[in-house]
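The values are calculated or read from the model by the stated rules, or taken from the named source; none is laboratory data. Only a predicted model underlies this, so the values are computations on that prediction, with no experimental measurement involved. Virtual Cβ from ideal backbone geometry, glycine too; neighbours counted across all protein chains shown.
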Ligand code: MV4
């Protein structure tokens, strides 16, 4: 078992990992930038090392400094959290060379699943449903021919992209040449990989993702799904589990397909397979995230599994044992609100000093926070300051508890998007579970 883990991250997820370390009796090392010297994760970890200036490329992404910090503190593993270095296969490889365990899948698995054309090929081999689409496009002429076969509209995506970056909708044959050239250029400059592919475009999809956990002894668990359709510009705002659009039959069928794919590819650790659901309710695989996700708590609430603790145990080579995790054993409903330091109407970041802070409580309420009263939210990083998660016996109870929790949450001195969350939870369509990727836009335009 690990004696000491270095956490290569900041904010609420660094706090979440420190909590799991404490629970497991593992010492923790925080790293931080000069802008984060007074951050909560620095105060809560057993040790802390400053790795560079505010600019993330010189601190939280500074690989030599981070490896050196692990060596001087005698850490035996590195937890990357999400974002930053969490999906960097080169970093995972370097950790291994330095005899540090990277808490995540192997570098090879990160490459296989991180490249979207390669992930599509794996999904196809194991019978995970895919939209009609292509391999890497060889030329604009190839793209035109394939688009005819798939049928317009199609969407061109960068193989090295992800999370909505590097995508281009193509509605007519006349747009193919220009789209192919631009997509290829953007893929090259954005992801250092010019490869693009295309697939059928779904106009109004839901985003539904499945959580998996695998140990190094052939144990694989699928822990249900999360509904993440409430997003703005590919930034998720509110997530829930289970999805109002799923049932146990579907859940068990998808879970079994995913379980066998994960088992047979030898994938280990936590992972999330992201799907689109089309207007007819069919699910199609999009991409896999090979890390812990921001929205993991909603899965923890309905399954009762401590995902981060299990992720650490799996990386240490422990045999995982969980109670019954078949869909019929999941309990109730959980919803998460991402509380951001931003203007609730314009979405402009709103960093600054938090002058007053009171976090909510109550039955079924959980707050994962990275801030405190007196902390100055830096402008250099993403604007997430806390997550409020409510669990209930059913969706209506989760919503009721979440509303109360949001009303209690006092964050003074900065603007936050709490009013947007309150408006969303008053919206009849949100209350009915009729949500799509256009819901936030509509609620904002209606004013609140
Ligand atoms: C799509 C799509 C429509 N058709 N693929 C955005 C995130 C990335 N992982 C996949 N994304 C999309 N892929 C096809 N074939 C629409 C989106 C999309 C989207 C998906 C889920 C939630 C919000 C979205 C917002 C814009 C576009």
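Quick notes on this one:
- Scanning region 112-126 for residues that are closer than 30 Å to residue 9 by Cβ and part of a helix (DSSP H, G or I) gives 112, 113, 114, 116, 117, 118, 119, 120, 122, 123.
- Out of 189, 204, sole residue that is more than 24 Å from residue 121 (Cβ to Cβ), within 16 Å of the ligand (Cβ to nearest atom) and surrounded by fewer than 22 Cβ atoms within 10 Å (Cβ to Cβ): 204
- Matching option when the condition is modelled with pLDDT of 95 or more, more than 16 Å from the ligand (Cβ to nearest atom) and within 24 Å of residue 161 (Cα to Cα), among 284, 267: 267
- Number of residues in region 59-111 that are over 21 Å from residue 289 (Cα atoms), outside any helix (DSSP H, G or I) and in contact (Cβ under 8 Å) with a residue 24 or more places away in the chain equals 6.
- Exclusive hit being out of contact with any strand residue (DSSP E or B) (no Cβ under 8 Å at 6 or more places or on another chain) and without any contact (Cβ under 8 Å) to a residue 60 or more places away in the chain, set 377, 367, 363, 388: 363
- Screening residue 111 with (1) buried (at least 19 other Cβ atoms within 10 Å of the Cβ); (2) more than 16 Å from the ligand (Cβ to nearest atom); (3) within 18 Å of the chain's Cα centre (by Cα) gives one miss only, at (1).
- Residue check for residue 184: touching a helix residue (DSSP H, G or I) at 6+ places or on another chain (Cβ under 6 Å) and more than 30 Å from residue 254 (Cβ to Cβ): no
- Taken as a whole, region 144-152 holds no residue that is closer than 13 Å to residue 287 by Cβ, within 11 Å of the ligand (Cβ to nearest atom) and surrounded by 14 or more Cβ atoms within 10 Å (Cβ to Cβ).
- Condition met for residue 139 (exposed (fewer than 15 other Cβ atoms within 10 Å of the Cβ), under 30 Å from residue 87 (Cβ atoms) and more than 13 Å from the ligand (Cβ to nearest atom)): yes
- A search for C-beta distances below 7 Å between a residue of region 191-204 that is touching a residue at least 60 places away in the same chain (Cβ under 8 Å) and any residue that is near the ligand (Cβ under 9 Å from one of its atoms) and in a loop (DSSP other than H, G, I, E, B), counting only pairs 6+ apart in sequence or on different chains, returns 199/131; 200/131; 202/278; 204/436.
- Filtering region 30-58 to residues that are assigned to a helix (DSSP H, G or I), in contact (Cβ under 8 Å) with a residue 40 or more places away in the chain and under 21 Å from residue 87 (Cα atoms) leaves only 56.
- Some residue of region 245-262 being within 15 Å of the ligand (Cβ to nearest atom) and either under 28 Å from residue 391 (Cβ atoms) or modelled with pLDDT of 95 or more (or both): yes
- Residue within region 171-186 that is closer than 18 Å to residue 284 by Cα and at pLDDT 95 or above present: no
- Among (1) away from the ligand (no atom under 16 Å from the Cβ); (2) out of contact with any strand residue (DSSP E or B) (no Cβ under 6 Å at 6 or more places or on another chain) - the single one residue 340 does not satisfy: (2)
- Some residue of region 308-327 being in contact (Cβ under 8 Å) with a residue 24 or more places away in the chain and within 27 Å of residue 446 (Cβ to Cβ): no
- Enumeration of residues in region 425-438 that are in contact with a strand residue (DSSP E or B) (Cβ under 6 Å, 6 or more places away or on another chain) and under 19 Å from residue 388 (Cβ atoms): 435
- Filtered residues of region 231-244 (kept if away from the ligand (no atom under 13 Å from the Cβ) and surrounded by fewer than 23 Cβ atoms within 10 Å (Cβ to Cβ)): 244
- So residue 213, is it away from the ligand (no atom under 16 Å from the Cβ) and modelled with pLDDT of 95 or more: yes
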